[in-house]
Amino acid sequence: MRRRGQELEQAILKAAQDELLESGYARLTMERVAQRAGTNKNALYRRWPNRAALGVAAYAGLAADRTVIPDTGSLRGDVLALLRAANNHWSSPLGEILRGLLAGARDDPELLAVLHSRATDGGAGMWQAVLRRAGIQVTARVATVAMGLLRNELVTRGEPTVPDEVLVEIVDEVYLPLVTALSRDTEPAPATPRNGRREVTP
């Protein structure tokens, strides 16, 4: 039976994911994916304009399947769990695929553009969900500050993982003070009494 619509799209994505897991982004081609999916290249190009878009979509699907929002019972525990998961991801098979995508982006403007469009989110939804549970509302940029610091550590160290004590420092010395301070700053100001003097709650 000929596959159409969502069924065919999922088959193509699954084929692309299998290719990434087996050979990495460097060897990913539209021809190989089409052959594995049992379809033709036109079916791929109707959905993704190039292998960069397909590769990033396939990676994003793999990463999403492994994404779990932690619930440790404390904000500190939750953000540490998120940061540790991201740190471990970088040295995992999926992290190897991501490193291949980033390496390929140096010489591929199309891939760089796709990665940049994806990176604007930075997993903000997970971080904001954890913060909302603690009664903290911040922007996506602020919510993902810890991830930005982790990426900087990975790049400057040139290693696949960052020591756990560095993650603890990021959370305790930067991230928690930042989000809690900003949350306090955005709380509604106390009501001004009729006599014009603002009451201060100790």
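The values are calculated or read from the model by the stated rules, or taken from the named source; none is laboratory data. Please read all numbers here as calculations on a predicted model, not as lab measurements. All Cβ positions, even for glycine, are placed from backbone atoms using ideal geometry, and neighbour counts span all protein chains on display. Remember, those area values only see protein heavy atoms, side chains included, never the ligands or the DNA or RNA. Shrake-Rupley method; radii C 1.70, N 1.55, O 1.52, S 1.80 Å.
Taking region 12-130 on its own, what percent of its Cα-Cα pair distances exceed 23 Å?
Working: 2464 of 7021 pairs.
Result for the distance tail: 35 percent.
Using a probe of 1.4 Å, the accessible surface attributed to Ser23 totals some 30 Å² when neighbouring protein chains are kept in position.
Distance from the alpha carbon centroid of region 40-82 to that of region 85-162 works out to 11 angstrom.
Residues with beta-carbon under 15 Å from that of Asp164, excluding Asp164: net charge, scoring Lys, Arg +1 and Asp, Glu -1? Before the final figure, lay out each step's value.
Details: positive: Arg76, Arg84, Arg157; negative: Glu153, Glu159, Glu165, Glu169, Asp172, Glu173.
So the surrounding residues net to -3.
Rg/Rh for the chain to two decimals, with Rh computed the Kirkwood way over all alpha-carbon pairs. Kindly include the intermediate steps, with their values, before the conclusion.
Working: Rg = 21.6 Å, Rh = 19.4 Å.
That ratio is 1.11, to two decimals.
Taking the square roots of five times each eigenvalue of the Cα gyration tensor of region 18-59, the equivalent ellipsoid has semi-axes of 15, 12, 7 Å, listed largest first. For region 23-171, the fraction of 1.4 Å probe accessible surface lying on carbon and sulfur atoms is 52 percent. Estimated from helices alone, the mean residue ellipticity of the chain at 222 nm is -19500 deg cm²/dmol (sum of -39500 (n - 2.57) over DSSP H runs with n ≥ 4, per residue). Taken along its principal axes, the alpha carbon cloud of region 70-116 reaches lengths of 44, 20, 11 Å, longest axis first. When nucleic acids and ligands are ignored and a 1.4 Å probe is applied, Glu7 ends up with an accessible area of around 110 Å². Distances longer than 15 Å among the Cα atoms of region 52-91: what percent of all pairs is that? Counting every Cα pair in region 52-91, those more than 15 Å apart make up 52 percent.
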